[in-house]
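One structure is given below, encoded as structure tokens.
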Amino acid sequence: QVQLVESGGGLVQAGGSLRLSCVASGIIFSNNAMGWYRQAPGKQRGLIAAITSGGTTNYADSVKGRFTISRDNTKNTVWLQMNSLKPEDTAVYYCNAAPDLYGLGWDFGSWGQGTQVTVSS
């Protein structure tokens, strides 16, 4: 079963940056698309960034131009570089894996613990 460990969150001022990490195990990492999700208080979890096994990326409009997703298959790790942070980026951030980009939009049976990102105004 896939195991996901997110880290790197914290408290930052608006306009600042954070780099989140996600280490995956229990899967053949290089065969999977990876995604970053976030869930703000009182709202549903949503996909904000995705990367295919070949390195093609996609972003939600809310983060496009500010966030960058990347991966290193030798480390079973996917990162989310977050720049120009806004208070509305405040959320718990999660990663997950699927066979392709479309699979990242499905419901998942398991999630990691997530990492809290708080952006002050």
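The values are calculated or read from the model by the stated rules, or taken from the named source; none is laboratory data. Please read these numbers as outputs of a predicted model, since none were measured by experiment. Neighbour counts are summed over all protein chains in view; Cβ atoms, including those assigned to glycine, are modelled from backbone coordinates with ideal geometry. Protein only, heavy atoms only, side chains kept; ligands, DNA and RNA dropped before computing areas. Shrake-Rupley method; radii C 1.70, N 1.55, O 1.52, S 1.80 Å.
See the values below:
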| quantity | calculated |
| --- | --- |
| Matching residues, region 64-91, being among the hydrophobic types (A, V, I, L, M, F, W, C) and under 15 Å from VAL12 (Cβ atoms) | PHE67, LEU80, MET82, LEU85, ALA91 |
| Residue match in region 82-93 (condition: charged (D, E, K, R) and within 11 Å of the chain's Cα centre (by Cα)) | no |
| Condition check for ASN96: in contact with a helix residue (DSSP H, G or I) (Cβ under 6 Å, 6 or more places away or on another chain), more than 22 Å from GLY16 (Cα to Cα) and either modelled with pLDDT of 95 or more or open to solvent by 30 Å² or more (accessible area, probe 1.4 Å) (or both) | no |
| Qualifying position, being closer than 17 Å to THR118 by Cβ, among the β-branched types (Val, Ile, Thr) and open to solvent by less than 60 Å² (accessible area, probe 1.4 Å), among THR52, THR77, THR90 | THR90 |
| Test: residue in region 96-103 that is assigned to a loop (DSSP other than H, G, I, E, B) and closer than 21 Å to GLY8 by Cβ | no |
